[in-house]
1. From the square roots a ≥ b ≥ c of the eigenvalues of the alpha-carbon gyration tensor of the stretch 37-174, which class results: rounded (a/c under 1.5), prolate (a/b over b/c), or oblate?
2. Defining a contact as two alpha carbons under 8 Å apart and six or more residues distant in sequence, what relative contact order in percent does the chain show?
3. Need the full-extension length gain, residue 37 to residue 140, defined as separation in residues times 0.36 nm minus the C-alpha distance. One decimal, nm.
4. Charges at C-beta only: +1 for Lys and Arg, -1 for Asp and Glu. How large is the resulting dipole of the stretch 15-149 about its Cα centre, in Debye rounded to 20?
5. HN-Hα J couplings of the stretch 61-66 from phi, Karplus 6.51/-1.76/1.60, θ = phi - 60°, integer Hz, Gly and Pro as x?
6. Hey, rough spin-label estimate for residue 150 and residue 24, points 7 angstrom out along Cα→Cβ, what's it come to in nanometres?
7. Taking amide H positions as placed in the peptide plane 1.01 Å from N, state which residues far from residue 60 in sequence (5 or more) or on other chains have amide H under 5 Å from it.
8. For the stretch 32-44, in order, what is each residue's ³J(HN,Hα) by Karplus, 6.51 cos²θ - 1.76 cosθ + 1.60 with θ = phi - 60°, in whole Hz (x at glycine and Pro)?
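Each value in this text was obtained by applying a stated rule to the coordinates, not by laboratory testing. As the structure is a prediction and not an experimental result, all values here were calculated from the model. Note that each Cβ is placed from the backbone with ideal geometry, even for glycine, and that neighbours are counted across all protein chains shown.
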Amino acid sequence: MKKTEKQKIKVLISEEEIKRQVCKLAKQINRDYKQKNLLVISVLSGSIVFCSDIIRQLKTDFSLDFIRVASYKDKKSTNNIELISSVRTDVRGKDVLIIEDIYDTGKTLSYIKNMLLKKKVKSLKTCVLVNKKTTKQEETGIDYVGFNIEDEFIVGYGLDYNGKYRGLPYIGVL
Ligand code: IMP
Ligand code: MG
């Protein structure tokens, strides 16, 4: 990344704040998932950094799978959610925890939840790093939330703008 591009990014949530909040979320998850058949599903690609930080703090046994969907083009959410690849695990009877980066319009999480519910999971919860204060087009319950922010386009800590900035250790606004 060019130095000039990096300078344009304003820090919104620092590395330390993220660490503290991830630790709190992991504690809640550990408390809620004792003796459960936990399957963690990370929504690619944005949630990988968040998910890898969460799972390294889990005390309970779990398995891990991934879903890849696409909805964003540039800085805009499109109306079509495209399922690029689904889980490989048989989710029936599993206690599923979806790990997602951002809850914005709600369309992506609604889509994923509906898809998994049809496959007869035993329980289904969602953990999102950031909830944006936007008008939700599809309201769906979120069980664990890292941060609530205004409607701003953010990058870093796994989040990208057209494929860039995922490696920043903090969350910034372009
Ligand atoms: P939703 O379907 O509108 O809730 O959109 C959620 C998806 O859009 C998230 O999974 C992100 O991948 C992406 N997204 C939404 N806002 C941002 C942002 O500010 N930065 C990067 N990606 C975003
Ligand atoms: Mg996403």
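1. It comes out prolate by the Cα gyration axes.
2. RCO, the chain: 24 percent.
3. Separation in residues times 0.36 nm, less the Cα-Cα distance, equals 34.8 nm.
4. 400
5. 5, 8, 10, 10, 9, 9
6. 2.1
7. Residues meeting the amide H criterion: none.
8. 7, 10, 5, 6, 10, 8, 7, 10, 8, 10, 8, 8, 6
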